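As structure tokens, the structure follows; a few thoughts come after it.
The values are calculated or read from the model by the stated rules, or taken from the named source; none is laboratory data. Keep in mind that this is a model prediction, so the values were computed, not measured. Quick reminder, even Gly has a Cβ in these numbers, built from the backbone with ideal geometry, and neighbours come from all protein chains shown. Areas reflect the complete protein model, heavy atoms only, side chains present, ligands, DNA and RNA absent. Shrake-Rupley method; radii C 1.70, N 1.55, O 1.52, S 1.80 Å.
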Amino acid sequence: MQEPPPLILTLAFDEDTFTRFDGERRRHFPEKLNHIPAHSTLFHHLPGDRERGVLEAITTLARTVPPPEVAVTGLRFTGRGVAYVLQSEALDTFRGRLAREFEPWLTAQDRQGWRSHVTVQNKVSPETARALHAALEAGFAPFRFTAPAVMLWRYLGGPWDRVARIPFGENA
């Protein structure tokens with residue numbers, strides 16, 4: 001019997017922030033590799049065979065957390081791409097609490113230090129990535145947004161299938 005595909009948890013953006021990040025991702029990410037919209041991953045691999053429990057745990061915690069304010073503080077050159085750096089103490093705390101909840105099932109990637117970011121370019125030559133990093137950095141001004149929710153996805157080997165949008169706050 002085949003194991004269910006793993007689950008991925010990402011941060012949802014407000015409409016303006018999503019439009020900005022996704023537009024840049026569409027412009028700069030190699031088209032044939034860009035199967036998913038702009039996102040910031042909180043967990044790369046949660047157990048697909050425990051989908052109901054994963055969804056319940058995330059929903060229960062998200063209801064207790066006001067929508068976190070997130071600062072976009074700069075850009076990161078990743079060697080073969082470019083990402084925006086995100087900072088939010090509230091989001092760090094939310095993710096940390098989930099990490100403790102899911103600890104027995106976390107992969108090495110999800111156990112290592114978490115640095116929130118949005119990748120807008122990846123899998124290009126270092127020269128192409130450096131050029132984009134310099135261009136984006138030249139016009140960059142820090143900004144903030146409020147994250148309305150998290151998104152749970154099923155990983156399908158390239159594309160992702162949306163499982164749920166889980167709002168933050170008591171009115172979730």
Going by the conditions given, is ARG154 open to solvent by less than 70 Å² (accessible area, probe 1.4 Å) and either over 16 Å from LEU11 (Cβ atoms) or of a type in the set (A, V, I, L, M) (or both)? yes
Do we find that ARG27 is in a helix (DSSP H, G or I), among the charged types (D, E, K, R) and under 26 Å from ARG130 (Cα atoms) in this structure? yes
Could you list, in sequence order, all residues of region 19-37 that are closer than 20 Å to TRP153 by Cα, open to solvent by 40 Å² or more (accessible area, probe 1.4 Å) and among the acidic types (Asp, Glu)? none
Across (1) in contact (Cβ under 8 Å) with a residue 12 or more places away in the chain; (2) assigned to a loop (DSSP other than H, G, I, E, B); (3) open to solvent by 40 Å² or more (accessible area, probe 1.4 Å), ALA141 clears everything bar (1)
Answer yes if at least one residue in region 127-135 is hydroxyl-bearing (Ser, Thr, Tyr) and within 30 Å of PRO47 (Cα to Cα), and no otherwise. no
Scan region 112-125 residue by residue and report those that are within 17 Å of the chain's Cα centre (by Cα) and either farther than 14 Å from THR41 by Cβ or among the β-branched types (Val, Ile, Thr) (or both). VAL118, THR119, VAL120, GLN121
With closer than 20 Å to ASP16 by Cα, among the aromatic types (Phe, Trp, Tyr) and in contact (Cβ under 8 Å) with a residue 60 or more places away in the chain as the only criterion, which of TYR84, TYR155 stands out? TYR84
Find the residue count for region 6-18, including only residues that are crowded, with 21+ Cβ neighbours inside 10 Å and among the aromatic types (Phe, Trp, Tyr). 1
Report yes if some residue within region 125-138 is outside any strand (DSSP E or B), in contact with a strand residue (DSSP E or B) (Cβ under 6 Å, 6 or more places away or on another chain) and open to solvent by 40 Å² or more (accessible area, probe 1.4 Å); otherwise report no. yes
For region 29-57, enumerate the residues that are within 15 Å of the chain's Cα centre (by Cα) and touching a residue at least 40 places away in the same chain (Cβ under 8 Å). HIS35, ILE36, ALA38, HIS39, SER40, LEU42, PHE43, HIS44, HIS45, LEU46
Considering region 75-94 alone, what residues qualify as being surrounded by fewer than 19 Cβ atoms within 10 Å (Cβ to Cβ) and part of a helix (DSSP H, G or I)? GLU89, ALA90, ASP92, THR93
